[in-house]
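Asker: Mind looking over this structure? Questions follow.
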Amino acid sequence: MTGNSPERPQFILASGSPRRRELLASFNIPFTVIKSDVDETQHADELPLAYVERLSQEKAQAVAERIAPPALVLAADTVVILAADTIGVIDGDVLGKPASEAESRAMLERLRGRPHLVCTAMTLKRLDGNPSPQTLTQLTKTTVYMRAYDDAEIDAYVATGDSFDKAGGYAIQHEGFHPVERIEGSYSNVMGLPLETLGQMLAEFGIQSEV
């Protein structure tokens, strides 16, 4: 079976994230990476969950416009939300990717010793020549409880440079820092691609994964 056959269209990951590439590879589905270039600025008065869903949809559409059918395009966006009511969050502060060491430290200080919500929106778009492509968007939420790491640990982690391309300024899987005490929900979601949700989405499109 070829990657361009009707049964198995070419699969496009609309993300340059090495973590998302690694996670998607666990499904044993051949895929190609095409990065999307969209403005990730949050709109005025746009709530966090609406924001992350919109970005995933815009990223999928931006890449879909650059390729020919048949194809499946997967786009994802992950945000860290810090709010007083973490479990039922409606509004809250969105912590994106820090742009400096100072911003990384500030984020990690805010997250220290308290829970926050990691939300990933995934959009899967099927291109089959139809003017209205089939599109599915799903949101996955994980509650993350951070441990009470100290300032020296923050400084050591920030110095590695690992925080700069990660929402909230940390990686749950970092072997040296280990910032997370426990989670409620999907571990892979905190890494940026919730595999459980993705498997369900692929099944709705008739794609059987082998994870």
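Asker: Could you tell me which of rounded, prolate or oblate describes region 92-188, using a ≥ b ≥ c as the square roots of the eigenvalues of the alpha-carbon gyration tensor, with rounded for a/c under 1.5 and, failing that, prolate when a/b is larger than b/c and oblate otherwise? Don't jump to the answer; show the numbers that get you there.
Answerer: Working: a/c = 2.81, a/b = 2.10, b/c = 1.34.
The shape class here is prolate.
Asker: Hey, another quick one. Taking the Cα centre of the chain as the origin and placing charges on Cβ (Lys, Arg +1; Asp, Glu -1), which of Ser104, Val80, Leu124 is farthest toward the positive end of the dipole?
Answerer: Of the candidates, Leu124 comes out farthest on the positive side.
Asker: List the residues, sorted by chain then number, that are 5 or more residues from Ser15 or on another chain and whose placed amide H is less than 5 Å from its amide H.
Answerer: Ile34, Ser36
Asker: How large is the Rg to Rh ratio of the chain when both quantities use alpha carbon positions and Rh follows Kirkwood? Walk me through the numbers before you get to the answer.
Answerer: Working: Rg = 17.7 Å, Rh = 17.8 Å.
Ratio of gyration radius to Kirkwood radius for the chain: 0.99.
Asker: Applying a 10 Å radius around every beta-carbon, put 69-80, 189-200, 105-116, 31-42 in order of their mean neighbour count, most first.
Answerer: On the way: 69-80: 24.2, 189-200: 21.3, 105-116: 17.7, 31-42: 13.8.
My ranking of the peptides, most packed first, is 69-80, 189-200, 105-116, 31-42.
Values in this text are rule-based calculations from the coordinates and carry no lab data. Quantities reported herein were computed from a predicted structural model and do not represent experimental measurements. Cβ: placed from backbone, ideal geometry, glycine included. Neighbour counts: every protein chain shown.
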